[in-house]
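Asker: Could you have a look at this structure, given as structure tokens, before my questions?
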Amino acid sequence: MRSFLPFCLLVLAACGPMAFVDLHDVNRFLESPTIIKSGDRYFIRFRYADKEEGPPLTFMAIRTRIQKDTLLFYIPAMASDGSMAGRLQIEEITESRQITLIDQGKFFWKEVNNARAPLPLQPPTEEDLALIEAGVQEVY
């Protein structure tokens, strides 16, 4: 019995957070997640798919995890907070350690199968800049 508890704790620790959505999931994204840089600020952005068919497009909260000196972005679950179809989501990345890893090119998207997909770093669009300059913080 004493060896069972440490075994269970080891299994739970190894599992870690699970990703629910792949980077290029066309049923979830019209525009897949990318990192954008505006001045000295970084953001992660994506646009929800705008489909009438397929899974319901509810709010997706992006989470991060630093694993072996690499920043991983992923979506662990869906929330049921109304339809987000076609909407743009931009979230600022403010933690200094995360910004350092992005500057070093050590950032990826965690896929459902736990693979790491390269996450593009792009300049912001005019729409992104307008929203950032207006001080809008999350979902648009």
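Asker: May I ask you to say which residue of Lys106, Lys110 is at pLDDT 95 or above, closer than 13 Å to Ile62 by Cβ and either within 14 Å of the chain's Cα centre (by Cα) or of a type outside the set (A, V, I, L, M) (or both)?
Answerer: Lys110
Asker: Another question, then. Quick one: would you say Leu88 is surrounded by fewer than 17 Cβ atoms within 10 Å (Cβ to Cβ), at negative phi, modelled with pLDDT of 90 or more and touching a strand residue (DSSP E or B) at 6+ places or on another chain (Cβ under 7 Å)?
Answerer: Judged against the criteria, Leu88 is not a match.
Asker: For the subset of the range 46-84 comprising residues that are surrounded by fewer than 12 Cβ atoms within 10 Å (Cβ to Cβ) and in contact with a Phe, Trp or Tyr (Cβ under 7 Å, 6 or more places away or on another chain), which member is modelled with the lowest pLDDT?
Answerer: Within the range 46-84, the match that is modelled with the lowest pLDDT is Asp81.
Asker: Report yes if some residue within the range 115-124 is out of contact with any strand residue (DSSP E or B) (no Cβ under 8 Å at 6 or more places or on another chain) and closer than 21 Å to Val26 by Cβ; otherwise report no.
Answerer: yes
Asker: Which condition breaks for Val21 when tested against (1) surrounded by 12 or more Cβ atoms within 10 Å (Cβ to Cβ); (2) not small (Gly, Ala, Ser); (3) not in a loop (DSSP other than H, G, I, E, B)?
Answerer: Only one criterion in (1) surrounded by 12 or more Cβ atoms within 10 Å (Cβ to Cβ); (2) not small (Gly, Ala, Ser); (3) not in a loop (DSSP other than H, G, I, E, B) is unmet by Val21, namely (3).
Asker: Another question, then. Has the range 57-75 got any residue that is closer than 21 Å to Asn27 by Cβ, in contact with a Gly (Cβ under 9 Å, 6 or more places away or on another chain) and not aliphatic (A, V, I, L, M)?
Answerer: Checking the range 57-75: at least one residue is closer than 21 Å to Asn27 by Cβ, in contact with a Gly (Cβ under 9 Å, 6 or more places away or on another chain) and not aliphatic (A, V, I, L, M).
Asker: Then there is this: Take the residues in the range 101-114 that are touching a residue at least 24 places away in the same chain (Cβ under 8 Å) and under 28 Å from Gly39 (Cβ atoms), then tell me which one is surrounded by the fewest Cβ atoms within 10 Å (Cβ to Cβ).
Answerer: Lys106
Asker: Also, quick follow-up: Please enumerate the residues belonging to the range 24-37 that are in a strand (DSSP E or B) and exposed (fewer than 15 other Cβ atoms within 10 Å of the Cβ).
Answerer: Residue satisfying the conditions is Glu31 alone.
Asker: For the range 96-125, which residues satisfy the criterion of being part of a loop (DSSP other than H, G, I, E, B) and either in contact with a Ser or Thr (Cβ under 7 Å, 6 or more places away or on another chain) or under 10 Å from Phe73 (Cβ atoms) (or both)?
Answerer: Result: Lys106, Leu119, Pro120, Pro124.
Asker: Additional query: Quick check on the range 92-100. Is at least one of its residues over 27 Å from Gly135 (Cα atoms) and either surrounded by 13 or more Cβ atoms within 10 Å (Cβ to Cβ) or touching a Lys or Arg at 6+ places or on another chain (Cβ under 6 Å) (or both)?
Answerer: Among the residues of the range 92-100, not one is over 27 Å from Gly135 (Cα atoms) and either surrounded by 13 or more Cβ atoms within 10 Å (Cβ to Cβ) or touching a Lys or Arg at 6+ places or on another chain (Cβ under 6 Å) (or both), which makes the answer no.
Results for (1) more than 13 Å from the chain's Cα centre (by Cα); (2) at pLDDT below 95; (3) over 24 Å from Met18 (Cα atoms); (4) not small (Gly, Ala, Ser), shown as yes or no for each residue.
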{"position": "Glu95", "(1), (2), (3), (4)": "yes, no, no, yes"}
{"position": "Ala115", "(1), (2), (3), (4)": "yes, no, no, no"}
{"position": "Pro120", "(1), (2), (3), (4)": "no, no, no, yes"}
{"position": "Pro123", "(1), (2), (3), (4)": "yes, no, yes, yes"}
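The values are calculated or read from the model by the stated rules, or taken from the named source; none is laboratory data. On a predicted model such as this, the values are computed, not experimentally measured, just so you know. Because the Cβ atoms are built from the backbone with ideal geometry, glycine has one as well, and the counts that use them run over all protein chains shown.
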